[in-house]
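Nothing in this text is a laboratory measurement; each read-out follows from the coordinates by a stated rule. Being a predicted model, the structure only gives us computed values, none of them experimental. We place every Cβ from the backbone using ideal geometry, glycine too, and count neighbours over all the protein chains shown.
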Amino acid sequence: MTRLHFSPPLNWINDPNGLAFHDGRYHLYFQYNPLGAEHGNMSWGHASSADLVAWDDHPVAIAFDETEEIFSGSMVIDEANDSGLGTPGNPALLAFYTSHAVDRRHQSQSIAYSLDGGMTFTKYPGNPVADRGSADFRDPKVIRYGGPAGSYWVMVAVEAMDQQVVFYRSDDLLSWTFLSAFGPEGGVGGVWECPDLFPLRIEGTDETAWVLLLSINPGGIAGGSGTQYFVGDFDGGAFTPLVRHPKVDPDDEAGMRSLTWLDYGHDCYAGVTFAGLADEDRTLIAWMSNWLYAHDLPVDPERPQRGAMTMARRLSLVEIDGVTLLRQEAVGPAVTELEALSDLAVDDRVKLPVTLPPAGRLDLRVDVGESQGFTLHLGADPSAAVAISYDAATRRLSVDRRRGAEALPESFVTEAAVDLRRSGEVALRIWFDPTALEIFADGGCSVLTDLVAAPPSPNAWFEGHGDVVLTEFRVAG
Ligand code: FRU
């Protein structure tokens with residue numbers, strides 16, 4: 001069966017770490033417990049891929065020890081040997097990770113370097129390389145900055161409890177000088193974690209904007225863990241968003257919806273992007289779970305494993321109605337079209353004459369006309385299906401994943417919803433497998449990722465709330 005989501009054969013995973021494209025392969029490291037299916041003994045697990053779809057598992061890259069757990073961070077390919085840890089002919093890969101002290105509440109940033117293309121790592125003897133005496137200074141993302149202010153390395157990390165992103169600079173990757181702090185602003189319902197910062201050209205223009213991704217837990221748009229993003233300018237010293245938001249109380253629903261979220265579902269957290277790709281190939285992977293219930297998800301007792309990654313997503317920036325938005329396109333396996341329906345007028349619930357494969361892609365377009373919207377049910381039968389609904393009055397697209405989730409926590413069965421930006425015709429691209437849905441609407445500017453408790457195949461029912469036309473329904477797998 002087509003595999004859409006990376007997970008290791010065994011054990012617990014959370015955040016993607018150290019994403020890097022090097023020598024023709026995509027390297028995915030991740031928060032990993034080598035000893036069990038719960039969070040603990042955090043180390044960097046490792047997998048690699050030629051196409052972001054088929055992954056080879058590798059041995060643990062950086063292991064916990066009696067002094068520290070290896071928390072989240074990023075990778076730098078030190079081509080110019082600025083650190084002196086490699087040689088010009090064989091650049092070192094530098095993993096920047098958070099040293100999470102085992103014996104006290106303390107977090108600082110450290111380096112482990114690899115001279116064999118990212119397979120094995122040696123801890124840098126001068127660790128830590130950035131220390132604020134803080135218990136919650138973590139998740140370093142190191143990027144190369146080149147702009148009016150010069151050319152140097154920038155580290156973006158968080159003071160998680162203070163809800164601040166902190167920026168540092170360095171010429172040699174080893175010694176770091178504080179530049180500035182951003183926040184708190186926007187979503188402030190929980191700790192700030194796993195920042196990323198990158199420039200992207202705004203499509204159809206010569207302008208470039210900087211995107212600051214920021215995960216927050218709890219206080220995400222669907223409850224629990226979520227990722228907001230800010231579009232603005234980074235001048236080499238400080239980040240300034242184009243739109244300034246006040247601090248938004250997580251109970252203020254309108255305020256929360258006025259912020260921009262990478263994903264409006266429950267299960268897209270700690271997403272970060274690859275080093276080693278051109279700016280126009282900016283690619284993200286996120287953890288497909290939520291701290292609210294990640295520990296309570298059932299495991300196969302024969303093969304205890306918890307956690308998976310979202311599909312990889314290519315990012316671009318577009319302007320819609322004066323707002324600059326991230327657009328995401330999933331990098332999926334090659335699929336072939338299996339079935340296609342068109343121009344089906346519906347004013348009730350009909351079972352569609354199609355069979356969905358266990359994993360694949362649906363593309364649908366619906367002309368909602370004057371109706372109140374529609375619901376698409378995907379599953380074995382309507383009482384064991386996930387329901388995707390669109391409410392025309394509010395333009396709200398929502399996912400109801402209650403079915404099959406009876407034994408799961410209350411927080412799992414809450415609805416996730418996104419208010420679509422475009423009205424009239426609704427076009428959705430849905431990637432699905434037995435574990436999850438990744439829904440791309442508004443051409444990829446509104447995305448909703450949800451784990452599901454009941455597999456969203458093999459059947460589909462389409463229900464018009466009034467007269468709607470299913471203009472197009474394509475199944476690929
Ligand atoms: C985010 C996070 C990070 C931390 C890691 C620990 O999910 O809490 O802030 O580095 O997980 O596993």
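Figures for the structure shown
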{"item": "Where trypsin sites (Lys or Arg not before Pro) fall in DSSP loop in the range 229-325, at most 15 other Cβ within 10 Å", "result": "R244"}
{"item": "Footprinting exposure proxy for T87, T414, T449, T336 (fewest neighbouring C-beta atoms within 10 Å first)", "result": "T336, T87, T414, T449"}
{"item": "Dipole magnitude (debye, nearest 20) for the range 389-477, charges at Cβ of Lys, Arg, Asp, Glu", "result": "160"}
{"item": "Histogram of C-alpha separations across the chain, 10 Å bin width, %", "result": "4, 21, 31, 26, 13, 5, 1"}
{"item": "Debye log10 I(q)/I(0) for the range 337-476, one point scatterer per Cα, at q = 0.22 Å⁻¹", "result": "-1.51"}
{"item": "Inter-probe distance in nm under a simple model that places probes 7 Å from Cα toward Cβ, at S134 and R105", "result": "1.5"}
{"item": "q = 0.14, 0.27 Å⁻¹: log10 I(q)/I(0) that the Debye formula gives for the range 342-425, counting C-alpha atoms only", "result": "-0.57, -1.45"}
{"item": "Options I439, V350, G117, ranked by Cα towards positive dipole end of the chain, top entry (Cβ charges)", "result": "G117"}
{"item": "Top positive-direction residue, dipole computed over the chain with Cβ charges, set H377, L174, M309", "result": "L174"}
{"item": "Footprinting exposure proxy for W210, W261 (fewest neighbouring C-beta atoms within 10 Å first)", "result": "W210, W261"}
{"item": "Selection from W44, S74, H27 lying farthest towards where the dipole of the range 21-146 points positive, charges on Cβ", "result": "S74"}
{"item": "Unit charges on C-beta of K, R, D, E only; dipole of the chain, Debye", "result": "300"}
{"item": "Long-range Cα-Cα pairs in the range 41-179 (distance over 22 Å), rounded percent", "result": "39"}
{"item": "Kirkwood hydrodynamic radius of the range 404-477, from inverse mean 1/r over distinct Cα pairs, in Å", "result": "14.3"}
{"item": "Percent of alpha-carbon pairs separated by more than 17 Å within the range 128-176", "result": "34"}
{"item": "All lysines inside 25 Å of K247 as judged from Cα atoms, apart from same-chain residues fewer than 8 positions distant", "result": "K141"}
{"item": "FRET efficiency estimate (nearest 0.05) - Cβ-Cβ, S423 to R244, R0 35 angstrom", "result": "0.80"}
{"item": "Viscosity 1.306 mPa s, temperature 10 °C, Stokes-Einstein D of the range 241-365 from Kirkwood C-alpha radius, µm²/s", "result": "85"}
